[in-house]
Amino acid sequence: MILIVSVISYFLSGIIGYRVVAYLLLVTLSILALFFGIFPVLLAAFLSALIWDFFFIPPHFTFRVDNTEDAFLLIMYFIIAMVHSVLTFKIRQIQKEAGKKEEKANALKLYNTLLNSLSHELRTPIATIIGASDNLLMKANNLTEENKSNLLSEISVASLRLNQQVENLLNMSRLESGFIQIKKDWCDINEVIYAAIKRLEENIKEHVIDIDVKENLPLFKLDVGLMEQVLYNLIYNAVIYTPVNSVITIKADCINESCVIIVTDNGKGFPSDEIEKVFEKFYRLKYSKTGGTGLGLSIAKGFVEAHHGTIRLENNYSGGAKFTITIPTETSYLKP
């Protein structure tokens, strides 16, 4: 770069003068200092001083400087070039250290958030399992069949909740490591929706689920397991953040050779200033109730994007949230 600028300046030196060339070389050094280490930049500063002296300062093609002012300018140029290179390098180092500190602070914050979330989300089902199993073991003779059935039901629900949290952590680990291998196969989107709802039977008892799937939809080529998890997370999120008896609607359609799935509810919706953040890892709404690790929507977004699709969140005009999934994929219509 120094040589290129020097050659161009040499042909323009009759117009711009040799003193302006020094400014052009300093600007070039400034650019180099942004991208290279200290030693290449110091070498460039040293060579630029020699080139400016030899080719531009009269008399030309010699290192001798007859004019005292030019000699002073050459010395000052060399000092400024060296100091500038060192200072720019130091600034870059400080920025890197600041970036590392910020990364550590963010990592610590993330760790604390995860620890706080998991301490609640894992402790609760574990405590339920331990308490119910202890009662079954220690007081088996004093319990009625109905009591035993209730305790077993509590253990089952707590186990499912615990399993869901572990699955979320494993899925997030797979997303972050890039170890998501899409295994696409032809699937009926109705079956995927009902499979996700079946997993949520215990959670949706106090909600109304409305399924509205277009007739004569083609088969879509998707990863059934990932898409079932996406729908599970979206429906589960709607269940825990909407009042009892709320209506959760799931729609599916084929638009422009894309699988489009819409999950809506008639709850309170999301604060407008937080809509862009809900897909962030471990993010939870400011005034949401306790519980949840803030991983469900982040995982859903990751699985959709693994299909090269998009997921969008917006609030309904009539109230409630609306998630729209759009995945471009192959389609196959069944022929009689």
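Looking only at residues of segment 302-314 that are part of a helix (DSSP H, G or I) and in contact (Cβ under 8 Å) with a residue 24 or more places away in the chain, we find that the one that is nearest to the chain's Cα centre (by Cα) is Gly302. Across segment 140-155, not a single residue is classified as touching a helix residue (DSSP H, G or I) at 6+ places or on another chain (Cβ under 8 Å), surrounded by 15 or more Cβ atoms within 10 Å (Cβ to Cβ) and of a type in the set (Gly, Ala, Ser). Considering segment 1-35, and only residues there that are aromatic (Phe, Trp, Tyr) and surrounded by fewer than 18 Cβ atoms within 10 Å (Cβ to Cβ), the residue that is farthest from Lys90 (Cα to Cα) turns out to be Phe11.
Residue-wise test of (1) modelled with pLDDT of 85 or more; (2) part of a loop (DSSP other than H, G, I, E, B); (3) touching a Leu at 6+ places or on another chain (Cβ under 9 Å).
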{"position": "Val7", "(1), (2), (3)": "yes, no, no"}
{"position": "Ser13", "(1), (2), (3)": "no, no, no"}
{"position": "Val21", "(1), (2), (3)": "yes, no, yes"}
{"position": "Ser30", "(1), (2), (3)": "no, no, no"}
{"position": "Leu43", "(1), (2), (3)": "yes, no, no"}
{"position": "Phe46", "(1), (2), (3)": "yes, no, no"}
{"position": "Leu50", "(1), (2), (3)": "yes, no, no"}
{"position": "Val65", "(1), (2), (3)": "no, yes, yes"}
{"position": "Asp70", "(1), (2), (3)": "no, no, no"}
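With respect to (1) assigned to a helix (DSSP H, G or I); (2) surrounded by fewer than 11 Cβ atoms within 10 Å (Cβ to Cβ); (3) in contact with an Asp or Glu (Cβ under 7 Å, 6 or more places away or on another chain); (4) not basic (Lys, Arg), the lone exception for Leu74 is condition (2).
If you go through segment 313-336 and keep only what is within 25 Å of Asn216 (Cα to Cα) and loosely packed, with under 14 Cβ neighbours inside 10 Å, you end up with Pro328, Glu330, Ser332, Tyr333, Leu334, Lys335, Pro336.
The rows are residues; the columns are (1) outside any helix (DSSP H, G or I); (2) small (Gly, Ala, Ser); (3) at pLDDT 70 or above; (4) assigned by TED's automatic domain parsing to the domain that holds Ser153.
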site: Glu102; (1), (2), (3), (4): no, no, yes, yes
site: Thr113; (1), (2), (3), (4): no, no, no, yes
site: Arg123; (1), (2), (3), (4): no, no, yes, yes
site: Ala127; (1), (2), (3), (4): no, yes, yes, yes
site: Gly131; (1), (2), (3), (4): no, yes, yes, yes
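Pairing residues of segment 46-65 that are under 17 Å from Ile2 (Cα atoms) with residues that are assigned to a helix (DSSP H, G or I) and among the acidic types (Asp, Glu), at Cβ distances under 6 Å and at least 6 apart in sequence or on separate chains, gives Ile57/Asp70.
The values are calculated or read from the model by the stated rules, or taken from the named source; none is laboratory data. This is a predicted model, so every value here is computed, not measured. Every residue, glycine among them, receives a Cβ derived from its backbone with ideal geometry; neighbour counts consider all protein chains shown.
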